[in-house]
Each structure stands twice: as structure tokens, then as C-alpha cells.
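Single-structure report; data block below.
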Amino acid sequence: MDLLIVEDVMLLLLDDESGSPAGAGTLHYSLGGALLVDLALAGRIEVGRKGVTVVDGPPTGDPLLDDALAQVAEKRRGVHPLLFVLGQGLSERVVERLAERGLVRRETRKVLGLFRTTTWPAEDARHEAELRDQLKRVLVDGEQPDARAAAIISLLNAINVLYIVLDDLPWRAVAKRASEIQQGEWVSDPATQAVMTTNAAVIASAAAAASTAAATAAANS
């Protein structure tokens with residue numbers, strides 16, 4: 001099944017049983033970052049000192065990517081503000097796409113008989129299981145990651161949910177391996193280097209957002 005990185009990240013963040021996402025406090029940043037990496041993987045953006053710019057080309061044919069390209073093209077922004085712009089309302093669009101593919105299902109109920117809440121538990125977990133197996137081979141067995149796997153691992157590690165998403169791994173070794181992948185020293189081909197340059201900027205912004213959210217939660221507890 002050919003999913004975008006942002007869809008794979010959303011699928012991994014959703015708990016299969018409860019249908020609620022891990023890292024909810026920074027979800028718009030993490031999904032916005034994943035979408036930005038999707039654009040980099042498609043060769044449609046460049047990240048420079050003055051911000052993110054669109055690389056000329058025809059529409060991608062994917063409404064999510066084309067809408068994101070239009071937002072990037074509105075004006076030159078840095079990565080951090082752009083993640084916020086791209087992330088607004090993105091989770092709803094992504095889970096709807098996952099539901100259309102039959103990977104999750106919508107469950108709506110009332111809390112205390114008053115407040116309506118919607119969750120997205122797993123419907124068909126086969127693709128997610130294959131993705132988890134790939135990430136485990138990279139993190140535990142030392143398999144060389146492709147740009148997609150490296151971007152997913154790096155982003156989940158940056159927002160401190162990798163240990164939640166993959167909760168049955170030897171974490172000391174996994175943390176070291178995830179940091180190595182995040183640094184991108186394994187990259188050799190130019191196309192992957194361009195993706196990982198974007199990814200590096202994304203994870204720096206996402207990590208800062210996660211730290212701020214954690215500090216705010218601690219102050220309010």
C-alpha cells in the first residue's frame with residue numbers, strides 16, 4: 001500500500017485499540033513536518049537559509065500535497081512557522097484518508113452524555129504491521145533505511161514518542177541507533193541528502209515544539 005509519510009506517521013501515532021493519537025499536544029507540528037518531508041521526497045521544495053521555497057513543476061495529483069504546495073508558495077516562511085500553517089486541520093484530513101483506505105474506522109461517542117468525541121481505532125492493521133517490522137529491522141537489526149523510514153524514525157524520535165509507538169524494543173540500543181539515523185551520516189546519494197536536509201530542519205522545529213508542550217503540561221500539572 002502506497003501511503004504518504006504523513007499518513008504512515010498518523011497511523012503509527014494512533015493507538016490501535018483506543019484510536020487516540022500519541023503526542024497529541026504537538027500533533028499539528030509533527031504531521032506538518034511529515035507533510036513537508038513528503039514534498040521534499042517528491043522534489044517539490046527546497047529549504048534554505050531564507051526559508052522554504054517551491055520547486056516549479058506540475059501538480060502532483062494528490063490533493064494533500066498540492067494544497068500544501070499552495071500554502072508554501074503563499075510567501076516565504078521558515079520551517080517552524082510553516083509547520084504550524086501546514087498542520088492546521090491536517091490530522092482530520094489524514095485520518096479520513098486512512099479510513100477511506102480501510103485502515104482505521106471512525107468511532108463517535110458522548111462523554112458524560114454531553115461531549116461528543118471521535119476516535120480512530122485500527123480496522124486493518126496489516127500495512128501498519130509491515131511498517132513496524134521495517135522500522136524494527138532498521139533500529140534493531142541494522143538494516144540501511146531508505147529516506148522514508150529515516151524520516152519517520154527521526155520525526156518520532158524528535159517528538160519523544162518513538163518509545164511509545166515501538167514499545168517492545170531494547171531501548172538503549174534503539175535510542176543510539178535512532179540518533180545516528182537522525183544525524184543522517186549514512187546518506188550518500190544527493191536525492192536522499194536533500195530529503196534529510198529538510199528532515200533535519202523539521203525535527204529541530206518539532207523537537208522544540210515537543211519540549212515547549214512538555215514544559216507547559218508540567219507547569220499546569
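The numbers here are math on the coordinates, done by the rules we state, and not lab data. Just so you know, these numbers come straight off a predicted model, no measurement behind them. Here the Cβ is made from the backbone with ideal geometry for all residues, glycine too, and neighbour counts use every protein chain on show.
Of the residues Phe84, Leu98, Leu169, the one whose Cα sits farthest towards the positive end of the charge dipole of the chain is Phe84 (charges of +1 on Lys and Arg Cβ, -1 on Asp and Glu Cβ, taken about the Cα centre).
If you place +1 on the Cβ of every Lys and Arg and -1 on the Cβ of every Asp and Glu, how big does the dipole about the Cα centre of the stretch 5-212 come out, in debye to the nearest 20?
Result for the stretch 5-212 is approximately 720 debye, rounded to the nearest 20.
Note: relative contact order over the chain, using C-alpha pairs below 8 Å and six or more positions apart, is 27 percent.
In straight-distance terms, cross-link reach from Lys75 covers every one of the lysines whose alpha-carbon lies under 28 Å from its own, apart from those fewer than eight places away in the same chain; here that gives Lys50.
Based on DSSP H segments of at least four residues, each scored -39500 (n - 2.57), the chain has a per-residue ellipticity at 222 nm of -18500 deg cm²/dmol. Note on Lys176: lysines with a C-alpha under 17 Å away, same-chain residues under 8 apart excluded, are Lys136. All Cα-Cα separations within the stretch 91-203 were binned at 5 Å from zero, giving a P(r) of 2, 10, 18, 17, 17, 14, 11, 5, 3, 2, 1, 0, each value a whole percent of the pairs. The equivalent ellipsoid that matches the C-alpha gyration tensor of the stretch 5-212 spans semi-axes of 26, 23, 16 angstrom, in descending order. A simple spin-label model places the labels of Lys176 and Arg137 2.3 nm from each other, with each point 7 Å out along Cα-to-Cβ.
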